[in-house]
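The values are calculated or read from the model by the stated rules, or taken from the named source; none is laboratory data. Just so you know, these numbers come straight off a predicted model, no measurement behind them. Because the Cβ atoms are built from the backbone with ideal geometry, glycine has one as well, and the counts that use them run over all protein chains shown. Note: areas computed on protein heavy atoms with side chains; ligands, DNA, RNA excluded. Shrake-Rupley method; radii C 1.70, N 1.55, O 1.52, S 1.80 Å.
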Amino acid sequence: MKKSVLFLATAALVAGCATSDKQGSKNTINQEEVMSKLTLEDKAHFVIGTGMAGFSGNDAVIGATRSLVPGAAGTTYPLDSLGIPAVVLADGPAGLRIDAKREGDSATYYCTHFPIGTLLASTWNTELIEQVGQAIGEEVKEYGADVLLAPALNIMRNPLCGRNFEYYSEDPVVAGKTAAAYITGVQKNDVGTSIKHFAANNQETNRMNNDAHISQRALREIYLKGFEIAIKESQPWTVMTSYNYINGVYTSESKNLVTTILRDEWGYEGTVMTDWFGGKDGAKQMWAGNDMLQPGKAEQFDSIVAGVKSGKLAEADLDRSVKRILNLVEKSPRFQGYKYSNKPDLEAHAAVTRQSAAEGMVLMKNNQTLPFAKSIKNVALYGNTSYDFIAGGTGSGNVNHAYVVSLLDGLKNGGYVVSDELKNAYATYAAECKAKVEAEIEAAAKKDPKNAMLLRFMPRPLPAEKQFSADELAQQAAASDIAVITLGRISGEFMDRKAADFNLSDSERQLLQQVCEVYHKAGKQVVVLLNIGGVIETASWKELPDAILCAWQAGQEGGNSVVDVLSGKQSPSGKFTMTWPVKFTDAYSSKNFPIDQDPKIDMMNQGQKGNVKNVDYTDYEEDIYVGYRYFDSFDVPVSYPFGFGLSYTTFEYSNIKIVEKGDAFEISVKVKNTGKLEGKEVVELYISAPDNKAANKPVKELKAYAKTKLLAPDESETVTMTVKAADLASFDEAASAWVVAAGEYQFLVGASSQDIKSVLKANVKGQQTKVNNVMKPQTQMNLLKR
């Protein structure tokens, strides 16, 4: 990139552009003064970041800004002589991602690894999620970063999407409400967030050049709705556009998406940035309203400058983006002169992650096995990930943590005894497997030096499960009170999950069958833990163990959190925010998903769009019928329904009422703990539109939910949920409007999408809200209809 001409400015100019207000409590930017001093080239530099070391950009600038917070994802472009500093952008969303160690510095800069997004959403507890966000935001601020590149709330369109572990749900209401709580918590620290990936980043395969063909209705009702909810409720400082095309146009180059919908319809006033190397044409991105291009490439600079000089890009459009970035800088802790400590309260945050992780775990089965009886002392621990617990996903969602509590350590901390013989056997086996894998990776890197860095960066595959003879298992059963088997899965960006990753491997199935057979014969019970980032197959084996707990990937305190649940110290209250199909092909979207395809990893977006189905383009033929909207509307059997989750106690729903208040409906439910242990319950509210089948609408759609406080036995609480009449609307493509059909609606109160406790009815007046007729698909698709 070309060098800025701004270094000729004087100290007096600095005082004129960046000043304190009259009270001296807030620094402000004199935008008019700044804009008057910028040349076209200066403006072009300012909107494209500072580059990424080893990839592109002005190395002198990179060196200066990278030293601000080593390991951060990037920065904005500094205008030092005008008093405009670089703002530091750092990855999330499971915690701040920066380097833990720095050259020539004996101090450490570890960050707390919080649970993955899927687990947080599974709490259905927005107050708790806000607390997690606030803890993460404190680390962002105290380590000197300004904007956290999180949360991620794309829809879980298919079980095999590689990035589902970062996402919240197959339902936009859960996704939007969860994201809003997270954003609110982080931004309480006066640091920013970047809600991502806007929009329809629903597969990792060829993510830089995939064209998502989506109907206007599905786009509005499913893929944009969560963003709309979160943006309106929490006002994130920034929005990050996704890599993919939607209906033939790159999202970062789509004025209809970034300006017409986001700003004109939703009223968003913040800054929009690209994902790293997203989009192709810098001038088009500026025209569209994508204010900041990260990390910045020379060709983007050239495109913007040439675009303005040729008239292709109005300089007023460029000025608009410059001003939006100045607004962002003005709010930042760095510009406000905050003196960060590099000493966040990691001990307090460890307690937050431990408690939040336990609340998001989902009890899937329990034959009077959990919580552990007081007589349980000796635990036989099986499964590779029992001893090497997976805290979270890889890639930008990873966190450089100080430690991860394994299940082994969690059990010991909880006062349980684990067989040393088993521990030693697994340690030896793990070392042998690791050495073999590392040798294979190094050999592959030498053969392909161009991709050596990527090969070393990619997550290591999990080894096959260690097997034991029947005699060994019998001896272990005799010495133990109970068996725990952990089944693990690696999560990460860059590639989608393989079909084999959804199903149990032969070694997992053999271990599960043999342990259950031997222990049951010995009169001992077996618990299965799922240390996973996304849905796996359960229908074929869930009858084997006595209890199943989905622990997800629970962050650095994972082992302690699991044992808090196993021991009964904390009662499980998580519920699934996605459907667990019998087979992944049961999801209608699997007809149009890149199953076991080459991921076409293209870090710098140098590839070209082709014409291979589900790789270069994907037809969203399921339309609005994503997740439970499909399974429940078409009566497709599932292994576990959306919203499912057991407890150590039981609950009774009573005194269920609906009251119309102005343009909204208020539904109240009395929830009583009728069991012998304390617990929390999630109440889910679905609506069913009049004549939904004829109108091609789902049989039910979630519109609100509430979670009780911790209820003691016999204790009750009345929860209240509010649904606005406008929230009942469907998108009518012909009218280009949100339409609430007049008639009698059913309000379904349930414990899951398939466990409805009560049905209330209310007459709703019809209404219509016109919106812009934009983002039409350019191809004909055979859309699913009821």
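Laid out as a table, the results:
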| read-out | value |
| --- | --- |
| Residue count for region 100-123, restricted to those that are open to solvent by 10 Å² or more (accessible area, probe 1.4 Å) and assigned to a loop (DSSP other than H, G, I, E, B) | 5 |
| Search result, residues across region 245-262 that are within 22 Å of the chain's Cα centre (by Cα), in a helix (DSSP H, G or I) and not polar (S, T, N, Q) | Leu257, Val258, Leu262 |
| Filtered residue count, region 671-691, keeping only those that are in a loop (DSSP other than H, G, I, E, B) and either of a type in the set (Val, Ile, Thr) or without any contact (Cβ under 8 Å) to a residue 60 or more places away in the chain (or both) | 6 |
| Of all residues in region 345-375 being assigned to a strand (DSSP E or B) and over 19 Å from Lys569 (Cβ atoms), the one that is least open to solvent (accessible area, probe 1.4 Å) | Met364 |
| Looking only at region 126-168, and only at residues there that are assigned to a loop (DSSP other than H, G, I, E, B) and aromatic (Phe, Trp, Tyr), the one that is nearest to Ala181 (Cα to Cα) | Tyr168 |
| Residues satisfying the stated conditions in region 12-29, i.e. farther than 19 Å from Leu318 by Cβ, at pLDDT 75 or above and in contact with a helix residue (DSSP H, G or I) (Cβ under 8 Å, 6 or more places away or on another chain) | Asn27, Thr28 |
| Test: residue in region 596-607 that is without any contact (Cβ under 8 Å) to a residue 40 or more places away in the chain, of a type outside the set (A, V, I, L, M, F, W, C), surrounded by fewer than 17 Cβ atoms within 10 Å (Cβ to Cβ) and in contact with a strand residue (DSSP E or B) (Cβ under 8 Å, 6 or more places away or on another chain) | no |
| Breaking point among (1) on the phi > 0 side of the Ramachandran plot; (2) open to solvent by less than 20 Å² (accessible area, probe 1.4 Å), for Tyr686 | (1) |
| Residue within region 572-584 that is at pLDDT 95 or above, open to solvent by 20 Å² or more (accessible area, probe 1.4 Å) and not β-branched (Val, Ile, Thr) present | yes |
| Within region 140-154, considering residues that are over 21 Å from Asp275 (Cα atoms) and in contact with a strand residue (DSSP E or B) (Cβ under 9 Å, 6 or more places away or on another chain), the one surrounded by the fewest Cβ atoms within 10 Å (Cβ to Cβ) | Gly144 |
| Some residue of region 732-746 being over 30 Å from Thr577 (Cα atoms), of a type in the set (A, V, I, L, M), open to solvent by less than 40 Å² (accessible area, probe 1.4 Å) and touching a strand residue (DSSP E or B) at 6+ places or on another chain (Cβ under 8 Å) | yes |
| Total residues in region 267-300, condition outside any loop (DSSP other than H, G, I, E, B) and either free of Cβ contacts under 8 Å to residues at least 60 places away in the same chain or surrounded by 22 or more Cβ atoms within 10 Å (Cβ to Cβ) (or both) | 13 |
| Enumeration of residues in region 556-570 that are of a type outside the set (Asp, Glu) and either within 8 Å of Leu407 (Cα to Cα) or under 24 Å from the mean Cα position of the chain (by Cα) (or both) | Gln556, Gly558, Gly559, Asn560, Ser561, Val562, Val563, Val565 |
| Pick from region 385-415, criterion more than 30 Å from Pro151 (Cβ to Cβ) and in contact with a strand residue (DSSP E or B) (Cβ under 8 Å, 6 or more places away or on another chain), ranking: least open to solvent (accessible area, probe 1.4 Å) | Leu411 |
| Condition met for Phe468 (at positive phi and either surrounded by 15 or more Cβ atoms within 10 Å (Cβ to Cβ) or at pLDDT below 90 (or both)) | no |
| Selection status of Ser590, crowded, with 24+ Cβ neighbours inside 10 Å and within 30 Å of Asp755 (Cα to Cα) | no |
| Positions within region 182-194 being open to solvent by less than 10 Å² (accessible area, probe 1.4 Å), in contact with a helix residue (DSSP H, G or I) (Cβ under 6 Å, 6 or more places away or on another chain) and either among the aliphatic types (A, V, I, L, M) or not in a helix (DSSP H, G or I) (or both), in sequence order | Ile183, Val186, Val191, Thr193 |
| Number of the exception - Asn378 against (1) open to solvent by 20 Å² or more (accessible area, probe 1.4 Å); (2) closer than 24 Å to Ile536 by Cα | (2) |
| Test: residue in region 402-414 that is farther than 30 Å from Gln525 by Cα and part of a loop (DSSP other than H, G, I, E, B) | yes |
| Hits in region 155-201 (condition: charged (D, E, K, R) and farther than 30 Å from Lys339 by Cα) | Arg157, Arg163, Glu166, Glu170, Asp171, Lys177 |
| Inter-residue pairs, beta-carbon under 6 Å, first over 11 Å from Leu549 (Cβ atoms) and in region 362-376, second open to solvent by 30 Å² or more (accessible area, probe 1.4 Å), 6+ apart | Phe372/Ser567; Ile376/Asp481 |
| Segments classed as helices (runs of 4 or more DSSP H), wholly inside region 429-505, with at least 1 members that are over 32 Å from the mean Cα position of the chain (by Cα) and polar (S, T, N, Q) | 470-478 |
| Selected residue [assigned to a helix (DSSP H, G or I), in contact with a Gly (Cβ under 8 Å, 6 or more places away or on another chain), in contact (Cβ under 8 Å) with a residue 24 or more places away in the chain and open to solvent by less than 10 Å² (accessible area, probe 1.4 Å)] from Gly559, Gly555 | Gly559 |
| Number of the exception - Ile667 against (1) under 25 Å from the mean Cα position of the chain (by Cα); (2) crowded, with 22+ Cβ neighbours inside 10 Å; (3) assigned to a strand (DSSP E or B); (4) not acidic (Asp, Glu) | (1) |
